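The structure under discussion appears below in the form of C-alpha cells.
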Amino acid sequence: MMRNGFLLLASLAFVTAAFAQEEKWDVSGDYSYLRFNPTLQGFNSRSFNGGGGSGQFNVNKWLGIKGDFQGYASTTWKVTYNGPIVTPHGTVPAGTYSTNGNMFTWMFGPVIRIPANKFTLWGETLFGGSQTNAYATLSKEFIANGADIKLIGSQHPFTMTAGGGLDLNMSKTVALRLGEFDYVLTRYTNPLTSTNNQNSFRYAAGVVFMFGGEK
C-alpha cells in the first residue's frame, strides 16, 4: 500500500514537473492605435490612440489563453450637414456637430504560437466586449440642436478581434512586441442608420515579460 502510494506521488511529481516546464505566463504593456470606422453618414474613419496590456497563460509552447485590455483617449468627432438628414430614426437638422469619444475593449481567447530562438510569431482570435461614449454624446448633440431621434446611451456590445504579431526575444524573460496587427469588429448602434457593425484596424507594440517554465 505504501509502495503504491509512493509510486503515485512520484508519478504526480514527475507529471507536475514536466508540465511546469511548459506552462508560462506572459504579461505585456503596449501602445495601441485603432483606426475606427464609425459607419456614420459624413463621418470618416477615426484615429484612436491609447494603450493597455494583456495577460497570457501558455498551456504549452504552441498554445496560449489570453486576456487583452485596451483603452483609447478622447477623440473629436465633427461633421457639418448643409441640409437636414432624414434617418430611419428621425430627422437631424442642418448644422455643425462636434463631440468627443473614448473607447475601452476587453477580450479573451486562444493564441497560437510559433516560437523560435530570437522571434515568436503568433496569431489570435479574441472575443469579448467594448464601451464607447462617442455615439451617446453625439446623439445628445443632435437632440440639443432639435433632432427628433432617440437618445442613445452607453453601449457595451459584442466585440472581437483576429490577427497576430511578432515578438523579438531579448532574453528568457523579456521580449519586444515589434508589431501586432488585428481586424476588430464592434457592434455599436448609431443614431443615424440601421448599421450596427463597425470594421476597424488595430496596431499595437510594446514590451512582454515572461514568467515561469522554460522558454
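Where a number appears in this text, it was derived from the coordinates with a stated rule and is not lab data. Being a predicted model, the structure only gives us computed values, none of them experimental. Glycine also receives a Cβ, built like all others from the backbone with ideal geometry; neighbour counts cover every protein chain displayed.
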Of all the Cα-Cα pairs you can form in the stretch 24-211, what percent are over 21 Å apart?
52 percent
Please list the radius of gyration and Dmax for the stretch 154-202, considering alpha-carbon atoms only, with Å as the unit.
16.3, 51
Name the long-range amide H neighbours of ILE149: under 5 Å, sequence gap of 5 or more, or other chain; modelled H, no Pro or chain starts.
THR91
Percent RCO, i.e. relative contact order, over the stretch 46-99, from Cα pairs under 8 Å lying at least 6 residues apart:
29 percent
Highest average packing first - 128-135, 115-122, 102-109, Cβ atoms within 10 Å
128-135, 102-109, 115-122
Relative contact order of the chain, please, whole-number percent, based on alpha carbon pairs below 8 angstrom and at least 6 residues apart.
22 percent
Using just the helices of the chain, give the 222 nm mean residue ellipticity in deg cm²/dmol: DSSP H runs with n ≥ 4 each add -39,500 (n - 2.57), and the total is spread over all residues, rounded to 500.
-5000 deg cm²/dmol
